[in-house]
Amino acid sequence: LGSEEFTGALMQKLNRNATKWRADQLPRKNLEDLLEIKFPEARATETEDFELECSICYSYRLEPAAGSSEAGETPDRICDDVKCGRPFHRSCLVEWLRAIPTTQQSFQTLFGKCPYCQNSITVDIGTGRLK
(Lines give C-alpha, C1' and ligand atoms only; values in the text may rest on other atoms or scores of the structure.)
Protein backbone atom coordinates (compact mmCIF):
# COMPACT_ATOMS: atom_id res chain seq x y z
CA LEU A 1 0.00 0.00 0.00
CA GLY A 2 2.99 2.27 0.27
CA SER A 3 6.27 2.77 2.01
CA GLU A 4 6.55 1.76 5.67
CA GLU A 5 7.46 5.36 6.49
CA PHE A 6 4.20 6.67 5.05
CA THR A 7 1.83 3.87 6.04
CA GLY A 8 3.41 3.51 9.49
CA ALA A 9 2.59 7.13 10.33
CA LEU A 10 -1.02 6.65 9.20
CA MET A 11 -1.34 3.43 11.23
CA GLN A 12 -0.11 5.23 14.35
CA LYS A 13 -2.68 8.00 13.88
CA LEU A 14 -5.41 5.45 13.22
CA ASN A 15 -4.59 3.48 16.38
CA ARG A 16 -4.25 6.64 18.49
CA ASN A 17 -7.57 8.09 17.30
CA ALA A 18 -9.68 4.91 16.91
CA THR A 19 -12.00 6.00 19.73
CA LYS A 20 -12.91 9.18 17.83
CA TRP A 21 -15.08 7.26 15.34
CA ARG A 22 -18.65 8.62 15.48
CA ALA A 23 -21.54 6.69 13.97
CA ASP A 24 -23.46 9.92 13.32
CA GLN A 25 -20.75 11.29 10.98
CA LEU A 26 -20.05 10.47 7.37
CA PRO A 27 -17.18 8.02 6.78
CA ARG A 28 -15.19 10.77 5.03
CA LYS A 29 -15.34 13.04 8.10
CA ASN A 30 -14.47 10.13 10.41
CA LEU A 31 -11.43 9.24 8.30
CA GLU A 32 -10.27 12.85 8.31
CA ASP A 33 -10.53 12.90 12.12
CA LEU A 34 -8.85 9.52 12.61
CA LEU A 35 -5.98 10.12 10.18
CA GLU A 36 -5.62 13.82 11.03
CA ILE A 37 -5.72 14.80 7.37
CA LYS A 38 -8.01 16.88 5.17
CA PHE A 39 -9.26 15.35 1.92
CA PRO A 40 -9.61 17.64 -1.12
CA GLU A 41 -13.00 19.27 -1.44
CA ALA A 42 -15.23 18.44 -4.39
CA ARG A 43 -15.43 21.36 -6.76
CA ALA A 44 -18.38 22.47 -8.81
CA THR A 45 -18.54 20.82 -12.21
CA GLU A 46 -18.51 23.21 -15.11
CA THR A 47 -19.43 22.47 -18.71
CA GLU A 48 -15.80 23.10 -19.68
CA ASP A 49 -14.75 20.12 -17.53
CA PHE A 50 -16.35 17.81 -20.06
CA GLU A 51 -14.65 19.23 -23.11
CA LEU A 52 -12.39 16.48 -24.40
CA GLU A 53 -9.68 16.75 -26.95
CA CYS A 54 -9.71 14.77 -30.16
CA SER A 55 -7.52 11.71 -29.67
CA ILE A 56 -5.97 12.13 -33.11
CA CYS A 57 -5.09 15.84 -33.34
CA TYR A 58 -5.20 16.59 -29.57
CA SER A 59 -7.27 19.75 -30.11
CA TYR A 60 -10.71 20.47 -28.77
CA ARG A 61 -11.93 22.86 -31.44
CA LEU A 62 -10.65 22.85 -35.01
CA GLU A 63 -10.17 26.16 -36.79
CA PRO A 64 -13.26 27.13 -38.82
CA ALA A 65 -13.03 27.15 -42.59
CA ALA A 66 -11.62 30.35 -44.05
CA GLY A 67 -14.31 33.01 -44.33
CA SER A 68 -16.75 31.00 -42.19
CA SER A 69 -18.62 32.67 -39.36
CA GLU A 70 -19.33 29.30 -37.72
CA ALA A 71 -17.34 27.93 -34.80
CA GLY A 72 -14.81 25.21 -35.56
CA GLU A 73 -15.62 21.51 -35.33
CA THR A 74 -15.55 19.83 -31.91
CA PRO A 75 -15.07 16.09 -31.23
CA ASP A 76 -18.34 14.46 -32.26
CA ARG A 77 -17.42 10.78 -32.63
CA ILE A 78 -16.59 8.54 -29.66
CA CYS A 79 -15.22 5.00 -29.81
CA ASP A 80 -18.03 2.53 -29.06
CA ASP A 81 -15.84 0.43 -26.75
CA VAL A 82 -16.71 1.52 -23.20
CA LYS A 83 -13.17 0.74 -22.02
CA CYS A 84 -11.75 3.10 -24.66
CA GLY A 85 -14.37 5.81 -25.28
CA ARG A 86 -11.87 8.14 -26.99
CA PRO A 87 -13.36 11.22 -28.71
CA PHE A 88 -12.54 12.19 -32.29
CA HIS A 89 -13.37 14.97 -34.73
CA ARG A 90 -15.25 13.35 -37.59
CA SER A 91 -12.84 14.91 -40.09
CA CYS A 92 -9.76 13.63 -38.19
CA LEU A 93 -11.21 10.12 -37.99
CA VAL A 94 -12.06 10.13 -41.71
CA GLU A 95 -8.51 11.23 -42.58
CA TRP A 96 -7.01 8.64 -40.21
CA LEU A 97 -9.11 5.76 -41.54
CA ARG A 98 -8.44 6.69 -45.17
CA ALA A 99 -4.70 6.39 -44.47
CA ILE A 100 -5.07 2.81 -43.15
CA PRO A 101 -4.97 0.15 -45.93
CA THR A 102 -7.36 -2.22 -44.11
CA THR A 103 -10.15 0.39 -43.90
CA GLN A 104 -13.14 -0.47 -46.06
CA GLN A 105 -15.71 1.84 -47.58
CA SER A 106 -19.31 1.14 -48.43
CA PHE A 107 -21.09 4.03 -50.06
CA GLN A 108 -20.54 6.99 -47.70
CA THR A 109 -19.38 4.99 -44.66
CA LEU A 110 -15.85 4.06 -43.64
CA PHE A 111 -15.32 0.89 -41.60
CA GLY A 112 -12.04 0.65 -39.74
CA LYS A 113 -10.32 0.20 -36.40
CA CYS A 114 -10.10 2.67 -33.52
CA PRO A 115 -6.57 4.14 -33.42
CA TYR A 116 -6.30 3.27 -29.71
CA CYS A 117 -8.15 0.04 -28.93
CA GLN A 118 -8.32 -1.48 -32.43
CA ASN A 119 -12.05 -2.28 -32.09
CA SER A 120 -14.34 -1.59 -35.03
CA ILE A 121 -15.36 2.00 -35.63
CA THR A 122 -17.43 3.54 -38.42
CA VAL A 123 -17.92 7.09 -39.62
CA ASP A 124 -20.19 8.57 -42.26
CA ILE A 125 -18.14 10.63 -44.71
CA GLY A 126 -21.06 11.98 -46.73
CA THR A 127 -23.45 14.09 -44.75
CA GLY A 128 -21.57 14.50 -41.51
CA ARG A 129 -23.93 12.06 -39.76
CA LEU A 130 -22.31 9.58 -37.41
CA LYS A 131 -22.88 5.84 -37.31
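Gly72 meets all of the listed conditions (1) assigned to a helix (DSSP H, G or I); (2) closer than 20 Å to Asp124 by Cα; (3) at pLDDT below 90 but one, namely (1). Restricting attention to segment 99-128, the residues that are part of a strand (DSSP E or B), free of Cβ contacts under 8 Å to residues at least 40 places away in the same chain and not acidic (Asp, Glu) total 9. Val94 passes every criterion in (1) buried (at least 16 other Cβ atoms within 10 Å of the Cβ); (2) at pLDDT below 90 apart from (2). Every condition in (1) of a type in the set (Asp, Glu); (2) loosely packed, with under 14 Cβ neighbours inside 10 Å; (3) modelled with pLDDT under 90 is met by Asp24 except one, and the failing one is (3). Only one of the numbered conditions (1) open to solvent by 40 Å² or more (accessible area, probe 1.4 Å); (2) hydrophobic (A, V, I, L, M, F, W, C); (3) modelled with pLDDT of 85 or more; (4) in a helix (DSSP H, G or I) is violated by Leu34, and that is (1).
The values are calculated or read from the model by the stated rules, or taken from the named source; none is laboratory data. Not measured: the values here are computed from a predicted model. Please note: Cβ atoms are built from the backbone with ideal geometry, for glycine as well, and neighbour counts cover all protein chains shown. Ligands, DNA and RNA are stripped out before the accessible areas are found, and what is left, the full protein with its side chains, is counted by its heavy atoms. Shrake-Rupley method; radii C 1.70, N 1.55, O 1.52, S 1.80 Å.
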